[in-house]
Amino acid sequence: MNNYELIKTLSSQSIEPRQFLRYSFGIDKLAPEEALEEETSFGYCTKCVRLLSKILGLQRKTVREWGHNPNFEGMPQHARTTYNYALMALSREELNKIEASDSQAPAITAAQFIEEVFLKELSPSDRLKIVTSTKFRGQCFAILSEVLKVSKSAIYEWGRDIELKNMPKHYQHTLAYALKAYKKQQATGAKQNAA
């Protein structure tokens, strides 16, 4: 499977905020009545807001404005995309550590993402061949469009080069989790091929 197909597979997976939070806090395996009891317990809402704000790199006030949790009906698409990649990239234990610690959401630039996905293990001559190709920028923007779930025209508005200096910061978090999920999927595929 080539990089684009693998990215496309990752970006097609999606769950609702409530299911993400249930998984994160380990109540997804409980009976519906028990899960609801956990969700209505004192402090659960605060934990939800704290986890989402840390994973998304946003202020808690912003997360609270998205509606009655744990459903967060007003959550924007970029936030949903980000937590879905985080779900693929991180274990339940890692998610719990994030909620309980002072950790910051990881962030990478578009150029770093492209470097890791397309160019990392290529020889200098192969890198030069790819980077100087007339299709390279279009392929990069297509991948970024797929990963971030935004239009190519929006990406062009962020900049004409691969740096995309005007890309909103919250997308850097999305790219960081997407890259981690991509690497995890690659490692899983490599293990399966070796077996």
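So, in the range 8-28, exactly how many residues are touching a Phe, Trp or Tyr at 6+ places or on another chain (Cβ under 9 Å), of a type outside the set (Ser, Thr, Tyr) and either outside the structural domain of Gly74 (by TED's automatic domain parsing) or at pLDDT below 70 (or both)?
Summing the residues that are touching a Phe, Trp or Tyr at 6+ places or on another chain (Cβ under 9 Å), of a type outside the set (Ser, Thr, Tyr) and either outside the structural domain of Gly74 (by TED's automatic domain parsing) or at pLDDT below 70 (or both) in the range 8-28 gives 0.
Within the range 60-77, is even one residue under 18 Å from the mean Cα position of the chain (by Cα) and of a type in the set (D, E, K, R)?
No: zero hits.
Considering the range 104-129 alone, what residues qualify as being of a type in the set (Ser, Thr, Tyr) and either closer than 18 Å to Glu5 by Cα or surrounded by 15 or more Cβ atoms within 10 Å (Cβ to Cβ) (or both)?
If the condition is that a residue be of a type in the set (Ser, Thr, Tyr) and either closer than 18 Å to Glu5 by Cα or surrounded by 15 or more Cβ atoms within 10 Å (Cβ to Cβ) (or both), then Thr109 is the only one that fits.
Could you tell me whether Met88 is in contact (Cβ under 8 Å) with a residue 24 or more places away in the chain, part of a helix (DSSP H, G or I) and either at negative phi or not assigned by TED's automatic domain parsing to the domain that holds Ser145 (or both)?
yes
Search the range 68-79 for residues that are on the phi < 0 side of the Ramachandran plot and pair each with any residue that is of a type outside the set (Lys, Arg) and part of a loop (DSSP other than H, G, I, E, B) when their beta-carbon atoms are under 6 Å apart and the residues are at least 6 apart or on different chains.
Glu73/Gly67; Gly74/Trp66; Gly74/Gly67; Met75/Trp66
So which residues in the range 22-46 are in a helix (DSSP H, G or I) and either farther than 20 Å from Lys97 by Cα or polar (S, T, N, Q) (or both), if there are any at all?
Ser24, Pro32, Glu33, Glu34, Ala35, Leu36, Glu37, Thr46
Kindly list the number of the only condition in (1) in contact with a His (Cβ under 6 Å, 6 or more places away or on another chain); (2) closer than 17 Å to Ile15 by Cβ that fails for Ala105.
Failing condition for Ala105: (2).
On the basis of being outside the structural domain of Ser14 (by TED's automatic domain parsing), surrounded by 16 or more Cβ atoms within 10 Å (Cβ to Cβ) and not in a loop (DSSP other than H, G, I, E, B), does Ile55 make the cut?
no
Restricting attention to the range 52-66, and to residues there that are of a type in the set (Lys, Arg) and in contact (Cβ under 8 Å) with a residue 12 or more places away in the chain, which single residue is farthest from Asp102 (Cα to Cα)?
Here is the first cut: in the range 52-66, the residues of a type in the set (Lys, Arg) are 54, 60-61, 64.
Of the ones still in play, those that are also in contact (Cβ under 8 Å) with a residue 12 or more places away in the chain are 54, 64.
Numbers: Lys54: 8, Arg64: 19 Å.
Result: Arg64.
Out of curiosity, is Tyr182 outside any loop (DSSP other than H, G, I, E, B), buried (at least 20 other Cβ atoms within 10 Å of the Cβ) and among the hydroxyl-bearing types (Ser, Thr, Tyr)?
Judged against the criteria, Tyr182 is a match.
If you scan the range 130-148, which residues turn out to be buried (at least 17 other Cβ atoms within 10 Å of the Cβ) and either over 20 Å from Ala107 (Cα atoms) or in contact (Cβ under 8 Å) with a residue 40 or more places away in the chain (or both)?
Selection gives Ile143, Glu146, Val147, Leu148.
Arg18 passes all but one of (1) farther than 20 Å from Leu175 by Cα; (2) part of a loop (DSSP other than H, G, I, E, B); (3) not polar (S, T, N, Q); which number fails?
Evaluating Arg18 over (1) farther than 20 Å from Leu175 by Cα; (2) part of a loop (DSSP other than H, G, I, E, B); (3) not polar (S, T, N, Q) leaves (2) as the failure.
The values are calculated or read from the model by the stated rules, or taken from the named source; none is laboratory data. Model, not experiment: these values are computed from the prediction. For neighbour counting, all protein chains shown are included, and Cβ atoms are generated from backbone atoms with ideal geometry for every residue, glycine included.
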